[in-house]
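The values are calculated or read from the model by the stated rules, or taken from the named source; none is laboratory data. On a predicted model such as this, the values are computed, not experimentally measured, just so you know. Using ideal geometry, Cβ is built from the backbone for each residue, glycine included, and neighbour counts are taken over all protein chains shown. All accessible areas refer to the heavy atoms of the entire protein, side chains included, with ligands and DNA or RNA removed. Shrake-Rupley method; radii C 1.70, N 1.55, O 1.52, S 1.80 Å.
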Amino acid sequence: MKKLIVVALLAIGLTGFAQEGKKKKGGHEVSTEMKVKKMTEELSLNADQQKKMTEVLDEQVAIKKAIKENPDSKEENRGKMKENMKKMKEVLSPEQFEKWKANMAQRKGQGGEGKKKKAAESEE
């Protein structure tokens, strides 16, 4: 009986590690590729813009990681994020940038509404 319990616990533990490994496997590269692909569809990016946006988004990921790892340097990294935004503005045409900003505002609005709905539902 004890052996059965030990084997069951071991199997559950290994399954948890296997699933965790799958999550981390792609890392930010997949996320950056997905963002560029989505931006290409929404904003009609050309090949040069796609390449430059990949670099800008990779830099953005690094800045966000630095903020997460060292919250004390948040202000310094905010400056870097503003510089990163300027680079993004240089890569995109004015029309593309405005459309991107509108899309981002819409997504932020949807996220906020979803959270508000969940909070209202949990209060009831």
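Provide the FRET efficiency to the nearest 0.05 for the Lys51-Met85 pair, computing r from the beta carbons and using R0 = 22 Å.
Computed FRET efficiency for Lys51 and Met85: 0.75.
Please get the size of the charge dipole for segment 67-108, origin at its Cα centre, with Cβ charges of +1 on Lys and Arg and -1 on Asp and Glu, quoted in debye to the nearest 20.
I would put it at about 180 debye.
In segment 37-87, carbon and sulfur make up what percent of the accessible area (probe 1.4 Å)?
In segment 37-87, the share of accessible area belonging to carbon and sulfur is 49 percent.
Exceeding 20 Å between C-alpha atoms, which entries from my cross-link table qualify? They are Lys38/Lys80; Lys35/Lys65; Lys37/Lys74.
Long pairs (Cα-Cα over 20 Å): Lys38/Lys80; Lys37/Lys74.
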